[in-house]
Each structure stands twice: as structure tokens, then as C-alpha cells.
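Let me begin by presenting the structure, written as C-alpha cells, before commenting on it.
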Amino acid sequence: MYVTAKMEVSKELPGNPIMQDTNSDGSPRYYTYGTTFFNYGMIPQTWEDPNVKVNGYGGDNDPLDVMEIGSAPLLMGSITPCKVIGALQLIDEGEMDNKIICIAVKDPDESKIRNMNDLELVKPGYTDKLRDWLKRYKTSDGKPENLLANEEPSSVEDALKLVDETHARWKAICANNSTTSSYSEKFWLQSSHCRPV
């Protein structure tokens, strides 16, 4: 929240450190569309598999992204218990890049927000701001608008199903099975949590 440096978990380096993303020329990458008004993170032990097609688009080969919509900035790298309230399906440069929408369980509004409809009641216009951000955040860098597979956010149930599915795919990449081996060779998977299933 309120950060312009684009941070990513390194899939390739030992320990998977959080690092600033880089442009194709090697320079540090920043969000130039404006500062984020949400906390951006990821769900550990998930993987959006490029071989799994949804609406014709394969996963982006990354962990599942999270947009936490609470009222306070969270520390980078913190592990924050969060209540899932829905999801948005971003199509980013031809890849499915799902965004789980959640609220930190310690946020003052957590008890009032159980789903995306509640979010609109408590924070009117917030869903439109999320859609706008996802579609347009690259336009300030001269890139075309992203697409959403559906303008309406997914339900809590569908978002939780997506978390479960991507966790199962992470287990498969840990097992280094034949369908994921071309991807797992590029990942640092030496964590004690990543064992064959």
C-alpha cells in the first residue's frame, strides 16, 4: 500500500527472496500509474500453471497474487492472516494472472466485509478502483490495457477453490512430475515444505 516499487518473490534464487522487479533493460521497475491503494502480495505454496488454460489463457507461472483491501499498510514480507472475499481474473499480456481479494483479519472493517458485495457497502467504488488499476496500470508505460476475463468478481467459494487448485499445482511442481518438469527446473524448490507428494 502506497508503494511504487514493483516487488516480486524470486522463484529462481535460494530462499525465494523478495526483490524489486526489473525492466527488460535491467533497470528497477516501478508502478508509474500511481501508488497502490491496496497491499499487494502472494499466497505461498501456490502456482498458476501455464499448462492449465482458463478461457484459453494459461497461468502466469507465478504464485497466486493477493490484493489486501484493508485500511493500513502491511509490512513487506509479513505473513498476514487474511479473509478471502472474492477474486478478479486478470489477463495480462496473454496470461491468466488471478488476483485473490482479501481483508486482513485484524482490520477494523473485517467483521463487516464478508464478500465483494459487502466491500461495496463499506467502501463504495472500491471494486471499480481495483478493476481500473488492474486494467490500466501498465498504460502509463506505453503498454495496452489489460483485460479482465469477467468484469464481475468471483465469489468467495470460487476464489477459495482457486486457492486450493493452485496449491495442488504447487504440490505437483514440488514433485517434479512430467507435466511440470520444464517449469520446475527453473524454480528454487529446496524448501523443506516442497517435497514430492
Original post:
Under 5 Å between amide H atoms, partner at least 5 residues away or on a different chain: which partners does Asp62 have, H built in plane at 1.01 Å?
Top reply: Glu48
**OP:** Only bridges with both residues in the stretch 48-107 count here: give the DSSP antiparallel percent, nearest 5.
**Re:** 70
**OP:** Give, to the nearest whole percent, the P(r) tail of the stretch 39-136 beyond 24 angstrom, counting all Cα pairs.
**Re:** 24
Original post:
Spin-label point model (7 Å from Cα, Cβ direction): what's the Val122 to Ala5 distance in nm?
Top reply: 3.0
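What per residue convex hull volume, in Å³, comes out for the chain when only alpha-carbon positions are used?
Numbers: hull volume 24.4 nm³, N = 197.
For the chain, the hull spanned by Cα atoms encloses 124 Å³ per residue.
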Original post:
What relative contact order, as a whole-number percentage, does the chain give when Cα pairs under 8 Å and 6 or more residues apart are counted?
Top reply: 21
Subject >> Percent antiparallel among DSSP beta bridges (both partners in the stretch 31-167, rounded to 5) >> reply: 80
Original post:
Where in the stretch 65-104 does the amide nitrogen come within less than 19 Å of the point 7 Å from the Cα of His167, taken along Cα to Cβ?
Top reply: 65-68, 79-88, 98-104
Original post:
Each residue of the stretch 16-28 in turn: what ³J(HN,Hα) in whole Hz from Karplus with 6.51, -1.76, 1.60 and θ = phi - 60°, glycine and Pro shown as x?
Top reply: 6, x, 7, 9, 6, 5, 10, 6, 4, 8, x, 6, x
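Each reported figure results from applying straightforward, stated rules to the coordinates on display, with no laboratory input. Please read all numbers here as calculations on a predicted model, not as lab measurements. Every residue, glycine as well, gets a Cβ built from its backbone with ideal geometry; the counts of neighbours run over all protein chains shown.
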